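The values are calculated or read from the model by the stated rules, or taken from the named source; none is laboratory data. Quick caveat, the model's predicted, so the values are computed rather than measured. Note: ideal-geometry Cβ built from the backbone for every residue, glycine included; neighbour counts use all protein chains shown.
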Amino acid sequence: MISIVLLSVFGLANLFLGFLRSNRILLPAAMLMLGTVLTVNFIDWNAGSQSFFNGMLVVDNFSVVFTGIVVLTALLLIPFSEKYVLDGQPNLAEYYSLLLFSLVGAIMMVSYNHLLMLFLGIEILSVAMYVLAGAQKTNLRSNEAALKYFLMGAFATGILLFGMALVYGATGTFELANIKFAVQNPVNASLTPMLYIGMLMMLIGIGFKVSAAPFHFWTPDVYEGTPTFFTAFMSTVVKTAGFAAFLKLLVQAFPAATAQGLWLPTLTAMCVLTLAIGNVGAVAQSSAKRMLAYSSVSHAGYLLIGLVAFNGELEGASANGIFFYSLAYSVATVAAFGVLKLVSDQRMREDYDALNGLAKTNPLLAFVMTVAMLSLAGIPLTGGFFGKFFVFSAAVENGHIGLVVFAVIMSMVSIYYYLRPIIAMYMRDADSDTIEPLQVSGFQSAALLLLALLTVVLGVLPGIIAGIL
């Protein structure tokens, strides 16, 4: 709860800093704010379950660790907005404030105990993303991305809200524990179809937010048109908060007895479809940024394996797998998008050819991008390897061996498109457009090294945080 209050206050304070007409104070101020929130967040660790707003919001270890991931992701991403500071971006204060406000929505999504609080969290997060997707007002691609995201997001929100209404009609409550009791002890069996339809509609609404197939169609176009800095935020924070909310809904509202008969087949089908479309779609891309968009879809599939493997407990192997995977994925994705932003800002291109010869013109960028690609591919000694290992292990323990085999095959497919940037950087000569050395500030270099270090540490010493839930 303290994190929500601080982010709200800091967001408003940051708007007032914008009146100073000096962007140079905004970047360190935003980092200081996020660092403060990240530190204060862990005050609630092992403090027991704390309820707020008549039990609509609950702060416990689950919410603390996922809040830590989203705030840490934003903190690691902020250094790559330095170009906006140097260019004198007139709306920078508003952009930073929208990011802070969106984190409020993300924290509500991981801490909710009432469906209305989940809805508010999703909307606070989504509205900020709609605006940031269209941040480049003179760029037609950015305008198109914002319009597509807004229209499709509005439809998904309507479906989600309708599903909540049907669940309320069938159970008479919005509170997760009371929904679980009503599902296990139905008063009127004739309302069961209404409950099932409501559950499926909620699954569709949340599936859109996390880019799960077949509700992923907006992802490639929106990610490609959105400014790269905000795309990185969208592909990490939104996905982490969405899956934490998804897991909480599945475990605390709809018990295993009901989920096994309805949710499990649906989630399994979505998982297989997401893995196939994400990985096969990424293979066909010529744009590195669009490849990362399809990569984001594929990683939604791996996280769905964690949901399929849930064992009825919020603090079990499935939850730990999703937590570790979300952290490893977020760190590697921020690193990949950070390098891509630095390259595209100076070379005005986002295709694989823009990376040609990068190992010679800027070895640091090439090294960090290589670590990020290897982690996303799940190569050993990176965080991505153990992320997949923990999720796959939870699935095998619950008997989903066929699904794990399919996921492993898809992981092998992903190696092809994750190696393409590495090949371009190390095995191709720089052409006339890419021969000039890229300019990277010391601040950004430190951020890139930290991201690479975190990725390696998670791959070498996973026990530091594994099993924290």
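Some observations on this one:
- Restricting attention to region 147-168, the residues that are over 18 Å from the mean Cα position of the chain (by Cα) and small (G, A, S) total 4.
- Selection within region 18-46: residues that are more than 30 Å from M117 (Cα to Cα) and of a type in the set (A, V, I, L, M). The member of this set that is nearest to the chain's Cα centre (by Cα) is L27.
- Odd one out for K360, checked against (1) at pLDDT below 95; (2) closer than 21 Å to V280 by Cβ: (2)
- Close contacts from region 275-295, counting a first residue that is modelled with pLDDT of 95 or more and a second that is hydroxyl-bearing (S, T, Y) and not in a helix (DSSP H, G or I), with Cβ to Cβ under 6 Å and a gap of 6+ residues or different chains, come to none at all.
- Close pairs from region 448-469: first at negative phi, partner among the aliphatic types (A, V, I, L, M) and not in a helix (DSSP H, G or I), Cβ under 8 Å, at least 6 apart: L448/V440; V456/L381; L458/I465; G459/L381; V460/L381; L469/L314
- Residue match in region 364-377 (condition: without any contact (Cβ under 8 Å) to a residue 24 or more places away in the chain and either in contact with a His (Cβ under 9 Å, 6 or more places away or on another chain) or of a type outside the set (S, T, N, Q) (or both)): no
- Condition check for L419: hydrophobic (A, V, I, L, M, F, W, C) and within 24 Å of A293 (Cα to Cα): yes
- Number of residues in region 102-133 that are surrounded by fewer than 24 Cβ atoms within 10 Å (Cβ to Cβ) and over 19 Å from the mean Cα position of the chain (by Cα) equals 3.
- A single member of P220, P214 is surrounded by fewer than 23 Cβ atoms within 10 Å (Cβ to Cβ) and either in a helix (DSSP H, G or I) or of a type in the set (S, T, Y) (or both), and it is P220.
- Check on K341, at pLDDT below 95, of a type in the set (D, E, K, R) and under 22 Å from the mean Cα position of the chain (by Cα): yes
Yes/no per residue for (1) modelled with pLDDT of 90 or more; (2) among the aromatic types (F, W, Y); (3) part of a helix (DSSP H, G or I); (4) out of contact with any strand residue (DSSP E or B) (no Cβ under 9 Å at 6 or more places or on another chain):
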position	(1), (2), (3), (4)
A154	yes, no, yes, yes
T157	yes, no, yes, yes
F162	yes, yes, yes, yes
V167	yes, no, yes, yes
A170	no, no, yes, yes
V187	no, no, no, yes
G207	yes, no, yes, yes
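- Odd one out for A145, checked against (1) of a type in the set (A, V, I, L, M, F, W, C); (2) crowded, with 22+ Cβ neighbours inside 10 Å; (3) outside any helix (DSSP H, G or I): (3)
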